[in-house]
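Everything below concerns the one structure shown next.
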Amino acid sequence: MSDTPRQATILTIHGPNLNLLGQREPEIYGRTGLAEIDAKLRNLGHRWAVEVLTFQSNHEGAIVDRIQEAADQVDGIIINPAAYTHTSIAIRDALLALKVPIIEVHLSNIHRREPFRHKSLLADVATGQIVGLGVNGYYLALRALVDIIGTAPSTTV
Ligand code: DQA
């Protein structure tokens with residue numbers, strides 16, 4: 001009997017209002033919609049031999065539930081918790097329970113915006129943080145996770 005190892009899986013989580021990407025404050029968040037970002041992540045995942053799952057919710061509890069479900073099912077997480085970055089101890093605690101690498105992504109540079117955005121409750125839980133690079137931040141995060149997990153030969157994005 002041969003057990004084929006399961007393909008590595010990366011879960012991407014998008015927090016509140018990111019369903020409005022493309023229309024919402026495009027001068028800050030850009031003109032690319034969420035469906036396009038998710039499709040590109042899946043395509044890159046295909047190229048780099050990982051399965052990419054995507055999830056968006058405007059609800060804190062739903063995000064906590066999805067993180068809990070992901071335990072033992074995924075090999076890495078990309079998360080843009082949006083406004084919950086700055087407020088959610090619940091999402092922080094859910095991520096702390098995981099043992100996989102986590103990359104925190106923000107489209108905008110939260111450090112050069114309003115003071116209340118400077119603090120991320122996840123920054124010290126995440127393996128790394130990518131801010132201010134727009135949608136490229138998601139694709140760079142995926143590349144970084146692929147390298148960390150070690151499923152494909154290292155290449156540039
Ligand atoms: C954001 C930054 C947050 O401060 C904000 O609430 C968002 C998006 C970003 O991607 O730049 O909704 O996470």
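So the values come out like this:
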quantity: Count of region 21-34 residues which are hydrophobic (A, V, I, L, M, F, W, C) and farther than 13 Å from Tyr138 by Cβ; calculated: 1
quantity: Unique match (being under 18 Å from Ile37 (Cβ atoms), in contact (Cβ under 8 Å) with a residue 60 or more places away in the chain and touching a helix residue (DSSP H, G or I) at 6+ places or on another chain (Cβ under 7 Å)) among Ile103, Ile130, Ile77; calculated: Ile77
quantity: Where Gly150 falls short, out of the listed (1) without any contact (Cβ under 8 Å) to a residue 12 or more places away in the chain; (2) open to solvent by 70 Å² or more (accessible area, probe 1.4 Å); calculated: (2)
quantity: Qualifying residue in region 120-135 (condition: part of a helix (DSSP H, G or I), surrounded by fewer than 19 Cβ atoms within 10 Å (Cβ to Cβ) and out of contact with any Cys (no Cβ under 7 Å at 6 or more places or on another chain)); calculated: no
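The values are calculated or read from the model by the stated rules, or taken from the named source; none is laboratory data. Just so you know, these numbers come straight off a predicted model, no measurement behind them. Because the Cβ atoms are built from the backbone with ideal geometry, glycine has one as well, and the counts that use them run over all protein chains shown. We work out accessible area using only protein heavy atoms, side chains counted, and drop any ligands, DNA or RNA first. Shrake-Rupley method; radii C 1.70, N 1.55, O 1.52, S 1.80 Å.
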